Amino acid sequence: MKKISLTGIKPTGQLHIGNYFGAIKPAVELAKTYDARYFIADYHSLNLIKDPKQLSSLIREVAAGWLAGGLNPDEVIFYRQSAIPEVFELTTILMAFTAKGLMNRAHAYKASVQENIEKQSDSDAGINMGLYTYPVLMAADILLFDSNVVPVGRDQVQHVEMAQDIAQALNFNYKKDLLVVPEASVQEQVAVVPGLDGRKMSKSYNNTIPLFIPENQLKKLIMRIVTNSQGVDEPKDPESSQIYQLFKLFASADEQKALADRYRAGGMGWGEAKDALFQVVNREVTPLRERFNAIMDDPKKLDDILKQGADKARPIAARTVARLRKAIGID
Ligand code: ADP
Ligand code: TRP
């Protein structure tokens, strides 16, 4: 039997090129060897996004983005977290096995407390229970589907370890392996994609190249990439230029070598380097953009895909909850 790989995607912003190389491409690849379950973690987003129009459009955009990026809903069970009520029942069960101290140690919560302390505000200012108990909901997402591996970025490893702790606490109490203890899988080889300003591309830094923007906007954004003041004639070091780092993600080995040689030879200005980058990015994202627009233009089809995913996921979820209800004495 194939192992189960599961991951959640939080719809909190427009998908960008960093998400594509860091999350979408590797996850689509992983789905070839695992029984993959990928879902839109819409209730996790609620902690941050309180505007209903924005939340609902982000859910659709991010779902369409994954489909446009190659997720095949016939191979992957693809659903919305909110369509699986068993997630929330399992969350309640897990709460009883989650030490409060464990939540106190969660990075995201600790960072918010630290920020408050630095601002000399009350240490809990602006922190809701959704943020505080975020790792329990995430543990329920994972444990509900007997997941073996959870592909995530480094920042999420702690949350997966908390899911392990919670599963072990429950299994220990009932002296039975009721829940599968999951492992995080971090793709170490996935490069950190640099943003327009050279820092990690991230929506929190406002330095992203969104994946599906129209061609003319894509060109404008690439032209805005920050460069140094080296003149046209000066030889340039490709490895220290984020324009070249981005180029490498999209270009063939021959194209990479040819452009690196031109950087080193001198005679190529930053404008030309940016144009070369635009050409390769646009070549790769054009078919993605077309698929994305087609999916967004057919909301019924998108709803159907997500509903079919939920229909496949719910019986699995119901079995896990039934198993637990029986074991805990709430039958
Ligand atoms: P953001 O930093 O824009 O808020 P998220 O934290 O929502 O992005 O990340 C979603 C997924 O995309 C995660 O798996 C994360 O590791 C990946 N990712 C985000 N930005 C990058 C980047 N610049 N390079 C590589 N992977 C990234
Ligand atoms: N917390 C994850 C993030 O911020 C999203 C997520 C929610 C998730 N539930 C999950 C990831 C379950 C993996 C498994 O990116």
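The values are calculated or read from the model by the stated rules, or taken from the named source; none is laboratory data. Keep in mind that this is a model prediction, so the values were computed, not measured. Cβ coordinates were reconstructed from backbone atoms using ideal geometry, including for glycine residues, and neighbour counts include every protein chain displayed. When the accessible area is computed, the model is the full protein with side chains, heavy atoms only, and any ligands, DNA or RNA have been set aside. Shrake-Rupley method; radii C 1.70, N 1.55, O 1.52, S 1.80 Å.
Structure notes:
- Test: residue in the range 167-179 that is at pLDDT 95 or above, of a type in the set (Asp, Glu) and within 16 Å of ligand 2 (Cβ to nearest atom): no
- Hey, Pro210 on the phi < 0 side of the Ramachandran plot and within 23 Å of the chain's Cα centre (by Cα) or not: yes
- Close pairs (7 angstrom Cβ cut-off, 6 or more residues apart or separate chains): over 16 Å from Lys248 (Cα atoms) in the range 262-281, assigned to a helix (DSSP H, G or I) and open to solvent by 10 Å² or more (accessible area, probe 1.4 Å) anywhere: Met268/Arg262
- If you go through the range 168-197 and keep only what is within 11 Å of ligand 1 (Cβ to nearest atom) and closer than 30 Å to Ile316 by Cα, you end up with Val186, Gln187.
- The condition of being within 16 Å of ligand 2 (Cβ to nearest atom) and either free of Cβ contacts under 8 Å to residues at least 40 places away in the same chain or out of contact with any helix residue (DSSP H, G or I) (no Cβ under 7 Å at 6 or more places or on another chain) (or both) holds for only one of Val232, Val152, Val190, Val157, that being Val157.
- Those helices (runs of 4 or more DSSP H) of the range 215-331 in which 3 or more residues are open to solvent by 60 Å² or more (accessible area, probe 1.4 Å) occupy 215-223, 253-265, 270-296, 299-328.
- Only a single criterion out of (1) surrounded by 21 or more Cβ atoms within 10 Å (Cβ to Cβ); (2) within 9 Å of ligand 1 (Cβ to nearest atom) is not satisfied by Asp42, namely (2).
- Filtering the range 11-24 to residues that are near ligand 1 (Cβ under 6 Å from one of its atoms) and open to solvent by 30 Å² or more (accessible area, probe 1.4 Å) leaves Asn19, Gly22, Ala23.
- Flag if Leu137 is within 12 Å of ligand 2 (Cβ to nearest atom), in contact (Cβ under 8 Å) with a residue 40 or more places away in the chain and within 23 Å of Val321 (Cβ to Cβ): yes
- The range 80-108 - residue that is touching a residue at least 12 places away in the same chain (Cβ under 8 Å) and β-branched (Val, Ile, Thr) and, of those, farthest from ligand 1 (Cβ to nearest atom): Ile93
- Tally, over the range 118-146, of residues that are away from ligand 1 (no atom under 16 Å from the Cβ) and not in a loop (DSSP other than H, G, I, E, B): 9
- Any hit, the range 67-76, residues being more than 16 Å from ligand 1 (Cβ to nearest atom) and in contact with a helix residue (DSSP H, G or I) (Cβ under 7 Å, 6 or more places away or on another chain): yes
- Residue check for Lys25: in a helix (DSSP H, G or I) and either over 15 Å from the mean Cα position of the chain (by Cα) or within 23 Å of Pro299 (Cβ to Cβ) (or both): no
- Residue in the range 17-25 that is over 26 Å from Met201 (Cβ atoms), away from ligand 2 (no atom under 15 Å from the Cβ) and at pLDDT below 95 present: no
- None of Glu89, Glu161, Glu115 is more than 30 Å from Leu246 (Cα to Cα), open to solvent by 50 Å² or more (accessible area, probe 1.4 Å), in a helix (DSSP H, G or I) and touching a strand residue (DSSP E or B) at 6+ places or on another chain (Cβ under 9 Å) except Glu161.
- The range 198-214: number of residues that are open to solvent by 60 Å² or more (accessible area, probe 1.4 Å) and either within 9 Å of ligand 1 (Cβ to nearest atom) or farther than 14 Å from Gln14 by Cβ (or both): 5
- Hits in the range 164-179 (condition: crowded, with 18+ Cβ neighbours inside 10 Å and either part of a loop (DSSP other than H, G, I, E, B) or more than 24 Å from the chain's Cα centre (by Cα) (or both)): Leu170, Leu179
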